[in-house]
Amino acid sequence: MATEEHQRRERGVTAEERIIGAAGSAFIDLGYDVSMAEIARRAGMGMSAIYRLYPSKNDLVTAVRLAGMSFIADRARQALEEEPDGARALERFLFACLGARAGHMLPVLGRRQAPTPGLDTVREEMHRAIDAVAERAKADGALRPEVTGADLLLLLDHLSPSLPLDHPQALLLQRRYARMVLDGLRTPAPAALPGPAPDWNLMKALWDGRRNQD
């Protein structure tokens with residue numbers, strides 16, 4: 001029965017979803033320069049099937065970035081809709097993104113690819129969704145008033161290092177440290193945070209093809 005259910009789920013995954021999922025994990029594990037052959041191997045598909053959908057690596061990177069931004073925005077909106085208070089919404093949002101390693105994938109790719117109008121539109125939607133999580137958490141006393149939505153996205157990157165562990169072990173450690181951070185973000189805060197808060201303009205400068213290395 002379990003095997004039949006697994007097969008039904010597998011049949012429900014489109015070729016695009018398989019490729020984007022495989023590419024996302026490959027970029028996180030091996031960096032931007034991972035070969036298309038490795039992505040095809042992880043997707044369980046031939047190279048020709050991938051190139052029919054994504055004629056160039058740049059096309060595939062764009063699709064992965066769009067999927068990653070949409071995922072983060074969807075998790076933020078879902079947390080706001082389904083959780084009763086700001087603290088729970090913030091925790092659910094962070095843990096969902098950590099589980100998918102979404103926060104680490106975007107800077108790996110964004111540093112190597114220039115922005116496009118399509119990416120900018122989805123990025124703005126993501127920013128608004130994260131900002132809404134931050135504002136709800138602030139209103140409920142679960143987030144220091146000087147913390148921004150950009151802080152939260154950068155925090156996801158910092159909490160998602162490449163560790164020499166299997167994914168379940170790494171995720172447990174990431175959640176452990178996220179819990180420590182969440183407790184430290186609550187009000188009242190014991191001390192002021194140093195320096196100005198990051199904003200979305202800084203994030204765009206960091207992640208939009210303005211660096212040559214991962």
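The set of residues from the stretch 29-61 being free of Cβ contacts under 8 Å to residues at least 24 places away in the same chain and either touching a His at 6+ places or on another chain (Cβ under 9 Å) or small (Gly, Ala, Ser) (or both) comprises Ser35, Ala37, Ala40, Gly46, Ser48, Ser56.
The sole residue among Arg111, Arg144, Arg92 that is more than 14 Å from the chain's Cα centre (by Cα) and within 23 Å of Arg65 (Cα to Cα) is Arg111. Of everything in the stretch 25-34 that is of a type outside the set (Ser, Thr, Tyr) and in a helix (DSSP H, G or I), the residue that is surrounded by the most Cβ atoms within 10 Å (Cβ to Cβ) is Phe27.
Does the stretch 116-126 contain at least one residue that is farther than 23 Å from Thr62 by Cα, at pLDDT 90 or above, crowded, with 20+ Cβ neighbours inside 10 Å and charged (D, E, K, R)? For the stretch 116-126, residues farther than 23 Å from Thr62 by Cα, at pLDDT 90 or above, crowded, with 20+ Cβ neighbours inside 10 Å and charged (D, E, K, R): absent.
A quick yes/no check of all residues on (1) surrounded by fewer than 17 Cβ atoms within 10 Å (Cβ to Cβ); (2) farther than 18 Å from Cys97 by Cα; (3) under 19 Å from the mean Cα position of the chain (by Cα); (4) of a type in the set (Asp, Glu):
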| residue | (1), (2), (3), (4) |
| --- | --- |
| Thr148 | no, no, yes, no |
| His167 | yes, no, yes, no |
| Arg176 | yes, no, yes, no |
| Pro188 | yes, yes, no, no |
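Given the condition of a type outside the set (Val, Ile, Thr), in a loop (DSSP other than H, G, I, E, B) and over 24 Å from Ser25 (Cα atoms), answer yes or no: does some residue in the stretch 159-167 qualify? Checked the stretch 159-167: no residue is of a type outside the set (Val, Ile, Thr), in a loop (DSSP other than H, G, I, E, B) and over 24 Å from Ser25 (Cα atoms). One residue stands out in the stretch 45-75 among those that are of a type in the set (Phe, Trp, Tyr) and under 19 Å from Val108 (Cβ atoms): the one that is surrounded by the fewest Cβ atoms within 10 Å (Cβ to Cβ), namely Phe71.
The values are calculated or read from the model by the stated rules, or taken from the named source; none is laboratory data. None of these values were measured; they are calculated from a predicted model. Because the Cβ atoms are built from the backbone with ideal geometry, glycine has one as well, and the counts that use them run over all protein chains shown.
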